[in-house]
Amino acid sequence: MVRTLLVRGMLVGLLAGLLAFIFARIFAEPLIDQAIAFEHHIHELASDPPDPELVSRAVQSTFGLLTGTVVYSTVIGGVFALVFAFAYGRLGRVGPRSTAATLATIAFVVLFLVPQIKYPANPPAIGDLETIRARTALYFAMIAWSVAAAVTALFVGRRLLHRLGVWNASLCGGALYILAVALAMLALPAVNEVPQNFPATLLWQFRTASLGGHVVLLATLGLVFGPLAEHQILGARRSTARLHHAS
């Protein structure tokens, strides 16, 4: 059954990638064009030649964006299905649809929302090429910390479940996660390479669109994969019941 769930997760991830591509084309790509125009304007004022394009902007915003988004989302869909297969039945008396929706919400918060609060996405005109490796390492360090904090909070919440009840144990686990990520945000260095004259509205809209693309991805996984998993699980149960009845 895990193999079937994996295939369905990847197919839903493919669908999510197509939807995320449409979202990015409508909301994110125009903002990137504006950011690139701002960068070119700065180069013109400084009489510096713009950086050469290794891949044309037309390819980046169409075929390149589609390929990257679909491949990324398909992989995420497969991982989501494997996590669902492990988590189902371990979250209490929660059905497949609720399990998928819960996992999608947790994944969005832990993997995208919290890390981007500390290190928000920036358009192409922002950031020094010499610091890109350091900035990338810090971002992934924040993701790793967020995941570790979430796993620890889940473990502590489960240990307190029988003693405090579902509600209080969940509050304790959530408080532990918030405390852990708050400490990480204080400990990790800040990165601020936004030019003073960069339009604040453009920056805010780009960061919102970046998070919006992940909302589309995780919402599709949570809402579409759940019914497919439910159909698979219920079908497997009916087949098992028929076998027992026949024997």
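The values are calculated or read from the model by the stated rules, or taken from the named source; none is laboratory data. Predicted model only: the values in this text are computed from it and were never measured. Virtual Cβ from ideal backbone geometry, glycine too; neighbours counted across all protein chains shown.
Tally the residues that are over 13 Å from Val7 (Cα atoms) and touching a residue at least 24 places away in the same chain (Cβ under 8 Å), restricting the search to segment 85-100.
Filtering segment 85-100 down to residues over 13 Å from Val7 (Cα atoms) leaves 86-100.
Add one more test, that the residue is touching a residue at least 24 places away in the same chain (Cβ under 8 Å), and what stays is 88, 92, 95-100.
Of the residues in segment 85-100, 8 are over 13 Å from Val7 (Cα atoms) and touching a residue at least 24 places away in the same chain (Cβ under 8 Å).
In segment 189-204, which residues are touching a residue at least 60 places away in the same chain (Cβ under 8 Å), within 18 Å of Pro115 (Cβ to Cβ) and not hydrophobic (A, V, I, L, M, F, W, C)?
Of everything in segment 189-204, just one residue is touching a residue at least 60 places away in the same chain (Cβ under 8 Å), within 18 Å of Pro115 (Cβ to Cβ) and not hydrophobic (A, V, I, L, M, F, W, C), namely Glu193.
If the Cβ limit is 6 Å and pairs must be 6+ apart or interchain, which residue in segment 128-155 that is of a type in the set (Phe, Trp, Tyr) pairs with which residue that is in a helix (DSSP H, G or I)?
Trp145/Ala184
Out of (1) within 29 Å of Glu29 (Cβ to Cβ); (2) assigned by TED's automatic domain parsing to the domain that holds Gly235, the odd one out for Ser146 is which?
(2)
So if I check each of Gly226, Gly222, Gly235, Gly212, which one is in contact with a Lys or Arg (Cβ under 6 Å, 6 or more places away or on another chain), small (Gly, Ala, Ser) and in the same structural domain as Thr74 (by TED's automatic domain parsing)?
Matching residue, one of Gly226, Gly222, Gly235, Gly212: Gly226.
Looking at the structure I just gave you, is Pro227 surrounded by fewer than 15 Cβ atoms within 10 Å (Cβ to Cβ), out of contact with any Leu (no Cβ under 9 Å at 6 or more places or on another chain) and at pLDDT 90 or above? Let's see the steps before the verdict.
Numbers: surrounded by fewer than 15 Cβ atoms within 10 Å (Cβ to Cβ): yes; out of contact with any Leu (no Cβ under 9 Å at 6 or more places or on another chain): yes; at pLDDT 90 or above: yes.
The answer is yes for Pro227.
Taking the condition assigned by TED's automatic domain parsing to the domain that holds Ser210 and over 13 Å from the mean Cα position of the chain (by Cα), does Gly95 pass?
yes
Out of the residues in segment 138-188 that are of a type in the set (Val, Ile, Thr) and loosely packed, with under 14 Cβ neighbours inside 10 Å, state the one that is nearest to Pro115 (Cα to Cα).
Ile178
Which of the residues that make up segment 84-103 are of a type in the set (A, V, I, L, M, F, W, C) and exposed (fewer than 15 other Cβ atoms within 10 Å of the Cβ)?
Result: Phe86, Leu91.
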